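The values are calculated or read from the model by the stated rules, or taken from the named source; none is laboratory data. Here the structure is a predicted model, which means the values were calculated and not measured. Glycine gets a Cβ as well: all are built from the backbone with ideal geometry, and neighbour counts include every protein chain shown.
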């Protein structure tokens with residue numbers, strides 16, 4: 001690869017680093033082309049992307065960025081995966097795929113400014129996603145109001161039921 005090609009890859013990776021906040025580093029050694037294609041599809045479904053980049057180019061791309069501490073993961077064959085918004089679905093995808101394909105090894109991650117070990121990525125993958133957490137919070141916020149509305153409606157409903165039952169009793173001869 002010529003110098004221009006290398007500079008272009010470095011620039012592309014710097015753009016990715018400046019745009020996204022969640023990155024995972026994996027060792028793909030031993031995966032077959034078919035398995036790598038399946039991994040790419042699953043990552044795409046979780047709204048993420050993956051790219052194989054030479055370690056030296058990735059080190060240059062991370063210089064003077066918050067991603068500098070990830071250099072410890074840049075040993076041997078390395079692919080970098082990143083997610084658009086929610087880091088949890090991508091972590092789930094990678095850990096699930098790694099369980100099914102032992103040749104894929106998660107080296108670590110970098111999420112919202114924090115360096116994650118392999119074990120921490122696995123713990124992250126067990127958490128609910130951002131949308132699930134939001135729906136749980138909304139449910140918790142709505143529950144007291146729903147109960148209050150039920151309590152406020154109860155007296156009126158009880159009176160209506162009593163009148164209805166009393167009306168049924170008088171109709172009978």
Sole miss for residue 47 among (1) out of contact with any strand residue (DSSP E or B) (no Cβ under 9 Å at 6 or more places or on another chain); (2) at pLDDT below 90 is condition (1)
Taking segment 87-98 and the residues there that are touching a helix residue (DSSP H, G or I) at 6+ places or on another chain (Cβ under 8 Å) and without any contact (Cβ under 8 Å) to a residue 60 or more places away in the chain, the one that is farthest from residue 129 (Cα to Cα) would be 97
When every residue in segment 111-128 that is without any contact (Cβ under 8 Å) to a residue 24 or more places away in the chain and part of a helix (DSSP H, G or I) is compared, the one surrounded by the fewest Cβ atoms within 10 Å (Cβ to Cβ) is 119
Scanning segment 85-103 for residues that are outside any helix (DSSP H, G or I) and either within 15 Å of the chain's Cα centre (by Cα) or over 25 Å from residue 30 (Cβ atoms) (or both) gives 85, 86
Point to revise | Test result for residue 73, at pLDDT 90 or above and buried (at least 18 other Cβ atoms within 10 Å of the Cβ) | key: no
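Is segment 134-144 home to any residue that is in contact (Cβ under 8 Å) with a residue 60 or more places away in the chain and surrounded by fewer than 10 Cβ atoms within 10 Å (Cβ to Cβ)? Please lay out each step first, then the result.
First pass over segment 134-144, keeping only residues in contact (Cβ under 8 Å) with a residue 60 or more places away in the chain: none.
Looking through segment 134-144, none of the residues is in contact (Cβ under 8 Å) with a residue 60 or more places away in the chain and surrounded by fewer than 10 Cβ atoms within 10 Å (Cβ to Cβ).
With at pLDDT 90 or above, surrounded by 13 or more Cβ atoms within 10 Å (Cβ to Cβ), under 18 Å from residue 20 (Cα atoms) and in the same structural domain as residue 20 (by TED's automatic domain parsing) as the only criterion, which of 98, 61, 38, 79 stands out? Working first, answer last.
Numbers: 98 fails: under 18 Å from residue 20 (Cα atoms); 61 fails: at pLDDT 90 or above; 38 fails: under 18 Å from residue 20 (Cα atoms).
When all the criteria are applied, what remains is 79.
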Checked 108, 150 against criteria (on the phi > 0 side of the Ramachandran plot and not in a loop (DSSP other than H, G, I, E, B)); the one match is 108
